[in-house]
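Chemist: Have a look at this one before I ask anything.
The values are calculated or read from the model by the stated rules, or taken from the named source; none is laboratory data. Predicted, not measured: the structure shown is a model, and the values here were computed from it. Every residue, glycine among them, receives a Cβ derived from its backbone with ideal geometry; neighbour counts consider all protein chains shown.
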Number of protein chains: 2
Amino acid sequence: MAGKGANTSATKGKKKEVKKETGLGLSYKKDENFGEWYSEVVVNGEMIEYYDISGCYILRPWAMSIWEIMQTFFDAEIKKMKIKNCYFPLFVSSGVLQKEKDHIEGFAPEVAWVTKSGESELEMPIAIRPTSETVMYPYFSKWIRGHRDLPLRLNQWCNVVRWEFSNPTPFIRSREFLWQEGHTAFATKEEADTEVLEILELYRRIYEEFLAVPVIKGKKSEHEKFAGGLYTTTVEAFVPNTGRGVQGATSHCLGQNFAKMFEINFENEKGEKCMVWQNSWAYTTRTIGVMVMVHGDDKGLVLPPKVASVQVIVIPVPYKDANTQGIFDACAATVKTLNEAGFRAEADYRDNYSPGWKYSHWEMKGVPLRIEIGPKDLANNQVRAVRRDNSAKSDIPMAGLVEGVKETLDNIQQSLFDVAKQKRDACIQVVNTWEEFAEALGQKKMILAPWCDEEEVEKDVKARTKGEMGAAKSLCTPFDQPELPEGTLCFASGKPAKKWTYWGRSY
Amino acid sequence: MAGKGANTSATKGKKKEVKKETGLGLSYKKDENFGEWYSEVVVNGEMIEYYDISGCYILRPWAMSIWEIMQTFFDAEIKKMKIKNCYFPLFVSSGVLQKEKDHIEGFAPEVAWVTKSGESELEMPIAIRPTSETVMYPYFSKWIRGHRDLPLRLNQWCNVVRWEFSNPTPFIRSREFLWQEGHTAFATKEEADTEVLEILELYRRIYEEFLAVPVIKGKKSEHEKFAGGLYTTTVEAFVPNTGRGVQGATSHCLGQNFAKMFEINFENEKGEKCMVWQNSWAYTTRTIGVMVMVHGDDKGLVLPPKVASVQVIVIPVPYKDANTQGIFDACAATVKTLNEAGFRAEADYRDNYSPGWKYSHWEMKGVPLRIEIGPKDLANNQVRAVRRDNSAKSDIPMAGLVEGVKETLDNIQQSLFDVAKQKRDACIQVVNTWEEFAEALGQKKMILAPWCDEEEVEKDVKARTKGEMGAAKSLCTPFDQPELPEGTLCFASGKPAKKWTYWGRSY
């Protein structure tokens, strides 16, 4: 595994040449040109490769491994809830797709249609699923007969296609993306309501415990809810740099709308015919983009340890006349010890790159912890540990390696969340009037405002804030409601306010 | 978990009604009408639901769990080989798709084309991947520069679409299917050759160790090899009932054909520009269909324990006046003990079905081992175990439950393989002349014949055997070659034979 020796004689000129070749270093700064910085960091961090079809992206192993770690967690959790995996076809016939009117109105403009196979025209165009409600529910109708067939709880991991034309952005808005979609049917609304929140809690955990991104749990407005559903709950994230909210993941109660259109009925214990109550819920590869936007910095990606496919990168730092073999052996021993303790650790023994180049390379890729081993460390039976998140350096004695690394990684995970939460919280602005609202929006805030909860008023807010930066809309009504003193008026309409709701621009 | 008591008073009439309702029992026999039997068994066993678009099928949880078990195995094995997962887009532009001429000729008639999004015509039609060589290799060209970038070893788990018009069959031939596709690039042909066989061995293990289906490892003929590749290796299965071979999974060496077209070059250690050597390899959900065809019987599915999502089904058999609660408790204790020992066990406590109905139900679903617990078993501190594969019954003392179940399941797994191999071997016929060949083909044999290895001769064999049942073709040239005495002539051309090759009809 170890290389034959390190090339320490790399001249500055040679290093520069290498740098150019591999695109090391970012040309844009996060605070100065966020959009360009983001595009550059996902490419240079080797998460994404741009594809020759606009709006489609290649997920490279560095991104895919993050998706797989989240998938392993979520899949195990839903299996505990007795939700089973299945796979429904990619294609849906146009008749079935159009069965639920509100639903198809929400998706119609983005549906991709297959009309040809080989040289032959198909008799009828066939749609590619933008989501699978209409794909699945005719079969729910077939499979559900009596109360003993309920609950029916299915999930699938798959790709979906939404042919959007506005601003494709890697992970955040792409024409094809990966997701899981859960589809469940219950005898009672109570069971459905309970599941909606159980799933939402898993989504919160993905963001907060895995991606170290703080989110706000709440309910979407009537205007923003899932097309055809009864109500939509969401975990909302926020990107301070752009002042935009991001719908992190959504868990919908569909009520009985789809049950009615697709005739999903069952006979209850008394022999009466009833309609089922349904949910659907999903999270997507968007999660990864939100994480990059929140934690990344001018040196590149910053990955939380829980989702990093390499948590610790070990780099030998041999000097002239030093015991190079001893250093390489110490690196190998360090990796071995850490792997055996369950950490994802690797060493970079490449002999055509200098240690300094390697530092930059792994910083670009966002590896949470770098361990350097040089002659001094070897002599002192220690390693030097450098955190990616705050550049803090410390010496860890070899004898306490596992404990030291564990503590540091735990600390990084927590610290990433704390810092992100602090920044997010600093962006939250409570307002009461339209003037305050307009000012806060200009300052890219996530705005908490008292609202009358009328759809027309939300449309009006959108219309009044239209502009170059995009209109403001409601993000969510947080479950955690501050007190609403009697007589409080809606910030936008002046009518009596019913609730506090978050507003802002959004992705 | 336990039901409140079993309904043992079900009249025959009521049972019949239930039977009708759930479609229990098969109307076709495997030996009499194989095609109808197969369609019925995959539906009644709850693996497949037919979909309203022809050639597309719904994979229900009972099938999906088998896929997931194989995926867990294979994914871990390839990760050990340092192959990394990624995800490339579903779509490919027509220019890129057509870059490798032989390749596209092989796939063109089956390619599905997207031409519209919403109400708008796309500027250029976009293809849905039938396989991802042309999707991936432009980026291989970009990522590979020097010998240090090699090997590049990627895999993805995804869906692909081949819009075939001939005889769609669940799992075996469907317009969309799930698979993994590995795509790798090496500096030398030797490394590529080695990987081809390492992967083929994993495919053999999936068939033989997991699905208990015997396969023959070998090489495809020039006529049957992967379009655009250098050579194709395969694991070939055989379905005795229909006398057809099945290409089980293939591992291709692509040579340098794609490297040439996509300009995938690297600088070697001497600074010379070289082309990479590439492989691609895949197995699909077809594996599940082969398993059903080989092991299923007139009572339904027969699942090998290693892939069964329920390995042991525990059924309470209470009689009038018996200690029903005691029986239910014993069932619960049995499931708990087995689950804790790592088996996938469940109990069926439903009180609206008789034990007999439950036996048939779980036999239809192919659960390898049924455990019955009645008053006598309770009194004797034992359970009754009934094997799905051969209906053998035995009593297992509760004290030796885990050991007894382990031994029985191991035995079932081995026995399924042994029986299948015996049946398959009985179908193999060695022939030397055209007359023997024609006779063996009429008897639905898997025919091993000496062959001159000329493509024209294979085409000729196809032409001469055309008929209602479909033409014969070469299945594979087995790696394990019997002795070929000097002077042996080709069965079809009479020219000197170069090798023994399997021939037959195939799926």
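Chemist: Taking the conditions exactly as written (under 25 Å from A:Gly255 (Cα atoms), out of contact with any strand residue (DSSP E or B) (no Cβ under 9 Å at 6 or more places or on another chain) and not assigned by the TED database to the domain that holds A:Lys365), does A:Asp149 satisfy them or not?
Modeler: When the stated conditions are applied, A:Asp149 does not pass them.
Chemist: Quick one: how many residues across region A:198-232 are assigned to a helix (DSSP H, G or I) and either more than 19 Å from A:Trp179 (Cα to Cα) or not hydrophobic (A, V, I, L, M, F, W, C) (or both)?
Modeler: Going through region A:198-232 one residue at a time, the tally reaches 8.
Per-residue answers, yes or no, for (1) among the aromatic types (Phe, Trp, Tyr); (2) in a strand (DSSP E or B); (3) farther than 23 Å from B:Ser65 by Cα; (4) in contact with a Pro (Cβ under 7 Å, 6 or more places away or on another chain):
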site: B:Ala330; (1), (2), (3), (4): no, no, yes, no
site: B:Thr337; (1), (2), (3), (4): no, no, no, no
site: B:Tyr359; (1), (2), (3), (4): yes, no, no, no
site: B:Trp362; (1), (2), (3), (4): yes, no, no, no
site: B:Gly366; (1), (2), (3), (4): no, no, no, no
site: B:Arg370; (1), (2), (3), (4): no, yes, no, no
site: B:Phe417; (1), (2), (3), (4): yes, no, no, yes
site: B:Lys421; (1), (2), (3), (4): no, no, yes, yes
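Chemist: Among the numbered criteria (1) exposed (fewer than 13 other Cβ atoms within 10 Å of the Cβ); (2) under 30 Å from B:Phe165 (Cα atoms); (3) small (Gly, Ala, Ser), which single criterion is violated by B:Ser506?
Modeler: (1)
Chemist: Does at least one position in region B:26-38 carry a residue that is farther than 28 Å from A:Lys82 by Cα, outside any loop (DSSP other than H, G, I, E, B) and modelled with pLDDT under 95?
Modeler: No, that holds for no residue.
Chemist: Here's something else I'd like to know. If a residue must be out of contact with any helix residue (DSSP H, G or I) (no Cβ under 9 Å at 6 or more places or on another chain) and away from every other protein chain (no Cβ under 11 Å), how many such residues does region A:142-157 contain?
Modeler: 1
Chemist: Moving on to the next point. Looking at region B:41-50, is at least one residue facing chain A (nearest Cβ under 9 Å), at negative phi, modelled with pLDDT of 95 or more and in contact with a helix residue (DSSP H, G or I) (Cβ under 9 Å, 6 or more places away or on another chain)?
Modeler: yes
Chemist: If a residue must be farther than 30 Å from B:Ser141 by Cβ, of a type outside the set (A, V, I, L, M) and in a loop (DSSP other than H, G, I, E, B), how many such residues does region B:160-191 contain?
Modeler: Counting residues in region B:160-191 that are farther than 30 Å from B:Ser141 by Cβ, of a type outside the set (A, V, I, L, M) and in a loop (DSSP other than H, G, I, E, B) gives 9.
Chemist: Still on this model: Identify, from the list A:Lys99, A:Lys116, the residue that is within 7 Å of chain B (Cβ to nearest Cβ) and among the charged types (D, E, K, R).
Modeler: From the options A:Lys99, A:Lys116, the qualifying one is A:Lys116.
Chemist: Taking interchain pairs and intrachain pairs at least six residues apart, which have beta carbon atoms under 6 angstrom, with the first residue in region A:42-63 and within 22 Å of A:Lys29 (Cα to Cα) and the second at pLDDT below 95 and not polar (S, T, N, Q)?
Modeler: A:Asn44/A:Gly23
Chemist: Continuing with this model, one more query. Yes or no: region B:420-428 includes at least one residue that is surrounded by fewer than 19 Cβ atoms within 10 Å (Cβ to Cβ) and closer than 20 Å to B:Leu24 by Cα.
Modeler: Looking through region B:420-428, none of the residues is surrounded by fewer than 19 Cβ atoms within 10 Å (Cβ to Cβ) and closer than 20 Å to B:Leu24 by Cα.
Chemist: State whether the residues of region B:373-384 include one that is of a type outside the set (S, T, N, Q), surrounded by fewer than 17 Cβ atoms within 10 Å (Cβ to Cβ), touching a helix residue (DSSP H, G or I) at 6+ places or on another chain (Cβ under 8 Å) and free of Cβ contacts under 8 Å to residues at least 40 places away in the same chain.
Modeler: The answer is no, given that none of the residues of region B:373-384 is of a type outside the set (S, T, N, Q), surrounded by fewer than 17 Cβ atoms within 10 Å (Cβ to Cβ), touching a helix residue (DSSP H, G or I) at 6+ places or on another chain (Cβ under 8 Å) and free of Cβ contacts under 8 Å to residues at least 40 places away in the same chain.
Chemist: Taking region B:119-136 only, how many residues are surrounded by fewer than 21 Cβ atoms within 10 Å (Cβ to Cβ), touching a residue at least 12 places away in the same chain (Cβ under 8 Å) and within 8 Å of another protein chain (Cβ to nearest Cβ)?
Modeler: Of the residues in that region, 1 qualify.
Chemist: State the number of residues belonging to region A:75-96 that are of a type outside the set (Val, Ile, Thr) and away from chain B (no Cβ under 11 Å).
Modeler: Total meeting the criteria: 4.
Chemist: Of the conditions (1) under 22 Å from A:Glu483 (Cα atoms); (2) of a type in the set (D, E, K, R); (3) in a helix (DSSP H, G or I), A:Asp453 satisfies every one except a single condition; which number is it?
Modeler: All conditions pass for A:Asp453, except number (3).
Chemist: Conditions: (1) touching a Lys or Arg at 6+ places or on another chain (Cβ under 9 Å); (2) at pLDDT 95 or above; (3) in a loop (DSSP other than H, G, I, E, B). B:Asn432 meets all but one. Number of the miss?
Modeler: The failed condition is (1).
Chemist: Separate question: State the number of residues belonging to region B:391-416 that are over 17 Å from B:Glu363 (Cβ atoms) and under 22 Å from the mean Cα position of the chain (by Cα).
Modeler: Of the residues in that region, 4 qualify.
Chemist: OK, next. Would you check which residues across region A:158-180 are of a type outside the set (Lys, Arg), away from chain B (no Cβ under 14 Å) and in contact (Cβ under 8 Å) with a residue 12 or more places away in the chain and list them?
Modeler: Across region A:158-180, the qualifying residues are A:Thr169, A:Ile172.
Chemist: Then there's this: Give A:Val302, A:Val276, A:Val317, A:Val310 a once-over and let me know the one that is under 30 Å from A:Ile69 (Cα atoms) and in contact with a helix residue (DSSP H, G or I) (Cβ under 7 Å, 6 or more places away or on another chain).
Modeler: The conditions single out A:Val302.
Chemist: Which one is nearest to B:Val335 (Cα to Cα), of the residues in region B:374-415 that are assigned to a loop (DSSP other than H, G, I, E, B) and among the polar types (S, T, N, Q)?
Modeler: Out of the qualifying residues, it is B:Asn381.
Chemist: Quick check on region B:84-91. Is at least one of its residues touching a residue at least 40 places away in the same chain (Cβ under 8 Å) and among the basic types (Lys, Arg)?
Modeler: Yes, region B:84-91 contains at least one residue that is touching a residue at least 40 places away in the same chain (Cβ under 8 Å) and among the basic types (Lys, Arg).
Chemist: A further question on this structure: Picking from B:Phe417, B:Phe491, which residue would you name as being among the aromatic types (Phe, Trp, Tyr) and in the same structural domain as B:Gln325 (by the TED database)?
Modeler: B:Phe417 is the lone residue from the list that is among the aromatic types (Phe, Trp, Tyr) and in the same structural domain as B:Gln325 (by the TED database).
Chemist: May I ask you to list pairs of residues, at least six apart or on different chains, whose Cβ atoms are under 6 Å apart, with the first in region A:210-224 being outside the structural domain of A:Gln247 (by the TED database) and buried (at least 23 other Cβ atoms within 10 Å of the Cβ) and the second being part of a strand (DSSP E or B) and among the small types (Gly, Ala, Ser)?
Modeler: Cβ pairs passing all conditions: none.
Chemist: Could you run through region B:339-356 and say how many residues are under 16 Å from B:Thr408 (Cα atoms) and either modelled with pLDDT under 95 or in a strand (DSSP E or B) (or both)?
Modeler: 1
Chemist: Looking at region B:227-236, can you tell me whether even one residue there is touching a His at 6+ places or on another chain (Cβ under 8 Å), more than 13 Å from B:Ser280 (Cβ to Cβ), more than 14 Å from every other protein chain (Cβ to nearest Cβ) and surrounded by 22 or more Cβ atoms within 10 Å (Cβ to Cβ)?
Modeler: Looking for residues that are touching a His at 6+ places or on another chain (Cβ under 8 Å), more than 13 Å from B:Ser280 (Cβ to Cβ), more than 14 Å from every other protein chain (Cβ to nearest Cβ) and surrounded by 22 or more Cβ atoms within 10 Å (Cβ to Cβ), one finds none in region B:227-236, hence no.
Chemist: Here are the criteria: (1) over 30 Å from B:Leu303 (Cβ atoms); (2) in contact with a helix residue (DSSP H, G or I) (Cβ under 9 Å, 6 or more places away or on another chain); (3) at the interface with another protein chain (Cβ under 9 Å from one of its Cβ atoms). Tell me which single one B:Tyr139 does not satisfy.
Modeler: (2)
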